[in-house]
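I am attaching a structure below and will ask some questions about it afterwards.
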Amino acid sequence: SIVEHAPLSSEFMKNTAGNQEAVTTASMSMSDLPYYFKKMNQMKKKYASDLLIHIGFEVDYLIGYEDFTRDFLNEYGPQTDDGVLSLHFLEGQDGFRSIDFTAEDYNEGIVQFYGGFEQAQLAYLAGVKQSIEADLGAFKPRRIGHISLCQKFQQFFGANGRDFSAEVIAEFEAILALVKKRGYELDFNTAGLFKPLCKETYPPKEIVTLARALEIPFVYGSDSHGVADIGRGYNAYC
């Protein structure tokens with residue numbers, strides 16, 4: 001599956017704060033879409049005898065901008081084979097802030113805004129729950145991406161996936177219950193293993209165990225942002 005980051009709402013981008021590189025590099029632009037589909041479909045045909053290539057998007061769940069996302073999916077969803085719905089931005093200091101740009105940016109814009117690392121975790125997980133329940137139309141992705149992305153910089157805050165509080169675990173359990181109820185699936189994302197301040201999968205083992213008890217399906221994802229990332233962690237963890 002090739003699921004490039006879908007374009008962000010221009011209005012949303014006006015309401016972001018912090019390091020603007022976190023926003024300007026987060027997705028393709030609307031003007032990229034014709035070339036993206038053309039190139040991906042060329043690859044699909046070129047390698048058809050060797051590979052089944054799925055084309056789609058990693059769609060950002062933008063809190064408060066559901067109409068934009070629904071309209072985007074209604075227009076471009078029919079051209080896709082696959083998709084992931086992920087949360088990368090939360091309301092924070094001076095506007096929406098990135099979850100996963102740098103530890104310092106996350107601390108300044110999210111953690112301090114919510115009053116601590118655990119409070120930021122809970123805000124992120126509440127956003128993930130909201131994304132699962134959101135009405136984004138018939139082409140809403142059914143795979144929920146990296147539900148523990150709030151852990152990307154956990155070691156910066158002296159934490160790890162074995163230190164979840166009872167309240168955080170309860171939020172993860174609520175997310176899993178919603179995923180199960182909706183018949184969705186989860187992204188088993190190995191990118192976190194290679195992030196120096198995370199070093200765990202998204203989600204970590206403890207949450208994977210809870211999901212498996214509910215028989216929630218996982219789909220491996222390397223979250224590749226370059227050729228070297230493709231397939232990383234697959235043989236060891238899948």
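When the range 56-71 is examined, which residues are found to be small (Gly, Ala, Ser) and more than 16 Å from the chain's Cα centre (by Cα)? Quick ask: steps written out before the conclusion?
If we filter the range 56-71 for residues that are small (Gly, Ala, Ser), which is where we start, we get 56, 64.
Correct list: 64 only.
Any idea which of 33, 52, 62 is open to solvent by 70 Å² or more (accessible area, probe 1.4 Å) and of a type outside the set (Ser, Thr, Tyr)?
Working: 33 fails: open to solvent by 70 Å² or more (accessible area, probe 1.4 Å); 62 fails: open to solvent by 70 Å² or more (accessible area, probe 1.4 Å).
So the residue among 33, 52, 62 that is open to solvent by 70 Å² or more (accessible area, probe 1.4 Å) and of a type outside the set (Ser, Thr, Tyr) is 52.
Determine the pairs where a residue that is part of a helix (DSSP H, G or I), located within the range 4-24, has a partner that is open to solvent by 80 Å² or more (accessible area, probe 1.4 Å) with Cβ atoms under 9 Å apart, the partner being 6 or more residues away or on another chain.
Going by the 9 Å Cβ cut-off, the qualifying pairs are 10/30; 13/24.
Scan the range 96-106 for residues that are under 16 Å from the mean Cα position of the chain (by Cα) and of a type in the set (Asp, Glu) and jot them down.
Within the range 96-106, just 100 meets the criteria.
Across the range 161-207, which residue is nearest to residue 148 (Cα to Cα) among those that are open to solvent by less than 10 Å² (accessible area, probe 1.4 Å), outside any helix (DSSP H, G or I) and of a type outside the set (Phe, Trp, Tyr)?
Among them, the one singled out is 203.
Scan the range 220-236 for residues that are touching a residue at least 40 places away in the same chain (Cβ under 8 Å), open to solvent by 50 Å² or more (accessible area, probe 1.4 Å) and under 19 Å from residue 143 (Cα atoms) and jot them down.
Within the range 220-236, the first condition is being touching a residue at least 40 places away in the same chain (Cβ under 8 Å), and the residues that meet it are 221, 223, 232-234.
Filter once more, so that each one left must be open to solvent by 50 Å² or more (accessible area, probe 1.4 Å): 232, 234.
Once the filter is applied, which keeps residues that are touching a residue at least 40 places away in the same chain (Cβ under 8 Å), open to solvent by 50 Å² or more (accessible area, probe 1.4 Å) and under 19 Å from residue 143 (Cα atoms), the range 220-236 yields only 234.
Next question. Among 46, 129, which is the only one that is closer than 27 Å to residue 182 by Cβ and either among the charged types (D, E, K, R) or in contact with a Cys (Cβ under 6 Å, 6 or more places away or on another chain) (or both)? Walk me through how you get there before you give the answer.
Values: 46 fails: closer than 27 Å to residue 182 by Cβ.
When all the criteria are applied, what remains is 129.
Somewhere in the range 72-95, is a residue over 16 Å from the mean Cα position of the chain (by Cα), open to solvent by 60 Å² or more (accessible area, probe 1.4 Å), more than 22 Å from residue 150 (Cβ to Cβ) and without any contact (Cβ under 8 Å) to a residue 12 or more places away in the chain?
Scanning the range 72-95 turns up at least one residue that is over 16 Å from the mean Cα position of the chain (by Cα), open to solvent by 60 Å² or more (accessible area, probe 1.4 Å), more than 22 Å from residue 150 (Cβ to Cβ) and without any contact (Cβ under 8 Å) to a residue 12 or more places away in the chain.
Here's the yes/no breakdown for (1) on the phi < 0 side of the Ramachandran plot; (2) touching a helix residue (DSSP H, G or I) at 6+ places or on another chain (Cβ under 7 Å); (3) of a type in the set (S, T, N, Q):
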residue	(1), (2), (3)
155	yes, no, yes
165	yes, yes, yes
181	yes, no, no
199	no, yes, no
202	yes, yes, no
214	yes, yes, no
234	yes, no, no
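Can you find a residue in the range 142-164 that is small (Gly, Ala, Ser), in contact with a strand residue (DSSP E or B) (Cβ under 8 Å, 6 or more places away or on another chain) and touching a residue at least 24 places away in the same chain (Cβ under 8 Å)? Spell out how you get there, then give the answer.
Kept after step one, since they are small (Gly, Ala, Ser), are these residues of the range 142-164: 145, 148, 158-159, 161.
Subset that is in contact with a strand residue (DSSP E or B) (Cβ under 8 Å, 6 or more places away or on another chain): 145, 148.
Now drop any that are not touching a residue at least 24 places away in the same chain (Cβ under 8 Å), which leaves 145, 148.
Scanning the range 142-164, I find at least one residue that is small (Gly, Ala, Ser), in contact with a strand residue (DSSP E or B) (Cβ under 8 Å, 6 or more places away or on another chain) and touching a residue at least 24 places away in the same chain (Cβ under 8 Å), so the answer is yes.
Can you pull out every residue in the range 93-114 that is under 26 Å from residue 179 (Cα atoms) and outside any helix (DSSP H, G or I)?
96, 97, 98, 99, 100, listed by residue number.
If you don't mind, there's one more thing I want to ask. Which residue is nearest to residue 27 (Cα to Cα), if the candidates are limited to the range 179-221 and must be among the polar types (S, T, N, Q) and touching a Phe, Trp or Tyr at 6+ places or on another chain (Cβ under 7 Å)? Even if it seems obvious, please write down each step before you answer.
Residues of the range 179-221 that are among the polar types (S, T, N, Q), as a first pass: 189-190, 201, 209.
Adding the requirement that they be touching a Phe, Trp or Tyr at 6+ places or on another chain (Cβ under 7 Å) leaves 189-190, 201.
On the way: 189: 19, 190: 20, 201: 23 Å.
So, considering only residues that are among the polar types (S, T, N, Q) and touching a Phe, Trp or Tyr at 6+ places or on another chain (Cβ under 7 Å), the one nearest to residue 27 (Cα to Cα) is 189.
Continuing with this model, one more query. Looking only at the range 213-238, how many residues end up being at pLDDT 95 or above and either assigned to a helix (DSSP H, G or I) or touching a Pro at 6+ places or on another chain (Cβ under 7 Å) (or both)?
Qualifying residue count for the region: 1.
Still on this model: Taking residue 210 as meeting all but one of (1) in a helix (DSSP H, G or I); (2) open to solvent by less than 50 Å² (accessible area, probe 1.4 Å), write down the number of the exception.
Every condition holds for residue 210 apart from (2).
The values are calculated or read from the model by the stated rules, or taken from the named source; none is laboratory data. Nothing here was measured: the structure is a model prediction, and the numbers come from that model. FYI the Cβ positions are ideal-geometry reconstructions off the backbone, even for glycines, and counts take in every protein chain you see. Please note that ligands, DNA and RNA were not included when accessible areas were found on the heavy atoms of the full protein model with its side chains. Shrake-Rupley method; radii C 1.70, N 1.55, O 1.52, S 1.80 Å.
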